[in-house]
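Following: one structure in structure tokens, then a few remarks.
The values are calculated or read from the model by the stated rules, or taken from the named source; none is laboratory data. The shown structure was predicted, so the numbers you read here are calculated from the model rather than taken from an experiment. Cβ atoms come from the backbone with ideal geometry, glycine included; neighbour counts cover every protein chain shown.
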Amino acid sequence: MRDFKQSVLAVVAKIPKGHVLSYKEIAKRAGNSGAARAVGNIMKQNRNPKVPCHRVIHSDGRIGGFNRGKEFKAVLLREEGVKLSHRLKVLRS
DNA sequence: TAGCTGACGCAAA
DNA sequence: ATTTGCGCCAGCT
């Protein structure tokens, strides 16, 4: 539970700039490969600046959602080097 | 304590 | 290629 959340936060915090991880990948790293949904929930709840939740996207490479508005997230990613050409599958490692 | 929600993912139509 | 439906898990109320 909380441990999982902690792991997720840690993993997300470890995401290097210019990289994006899918919720599923994060869940996998956190210890629960099938908790992608839960991860999303956690992110939504998360408010920690240390956790670049904007680097978390769908496994499809699309942007998921964001507390602050997906637009902001998209811009952020673009600024970091992740080119979201509208519907581009970036998903890097 | 139990139930609802959801920033997901994948399969099928 | 898209759209629709179902499944799954943890967190929150």
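Annotations for the structure displayed:
- A:Asp3 within 20 Å of A:Val82 (Cα to Cα) and either out of contact with any helix residue (DSSP H, G or I) (no Cβ under 8 Å at 6 or more places or on another chain) or in a loop (DSSP other than H, G, I, E, B) (or both): no
- Exactly one residue among A:Gly69, A:Gly31, A:Gly64, A:Gly40 is within 16 Å of DNA strand C (Cβ to nearest atom) and on the phi > 0 side of the Ramachandran plot, and that residue is A:Gly31.
- Checking each residue in the stretch A:41-73 for being surrounded by 12 or more Cβ atoms within 10 Å (Cβ to Cβ), basic (Lys, Arg) and under 17 Å from A:Ala10 (Cβ atoms) picks out only A:Arg55.
- Selection over the stretch A:12-28 of residues that are away from DNA strand C (no atom under 13 Å from the Cβ) and either free of Cβ contacts under 8 Å to residues at least 24 places away in the same chain or among the acidic types (Asp, Glu) (or both) gives a count of 3.
- Hits in the stretch A:6-16 - residues which are more than 18 Å from A:Gly64 (Cα to Cα) and in a helix (DSSP H, G or I): A:Gln6, A:Ser7, A:Ala10, A:Lys14
- For the residues A:Ala10, A:Ala27, A:Ala38, the requirement of being within 9 Å of DNA strand B (Cβ to nearest atom), surrounded by fewer than 20 Cβ atoms within 10 Å (Cβ to Cβ) and at pLDDT 95 or above singles out A:Ala38.
- Cross-chain or 6+ apart pairs with Cβ under 6 Å, the stretch A:65-85 first and of a type outside the set (A, V, I, L, M, F, W, C), then surrounded by 14 or more Cβ atoms within 10 Å (Cβ to Cβ) and in a helix (DSSP H, G or I): A:Lys73/A:His54
- Taking the stretch A:17-91 and the helices (runs of 4 or more DSSP H) fully enclosed by it, the elements with 2 or more residues that are more than 12 Å from the chain's Cα centre (by Cα) and more than 16 Å from A:Lys5 (Cβ to Cβ) are at A:70-80.
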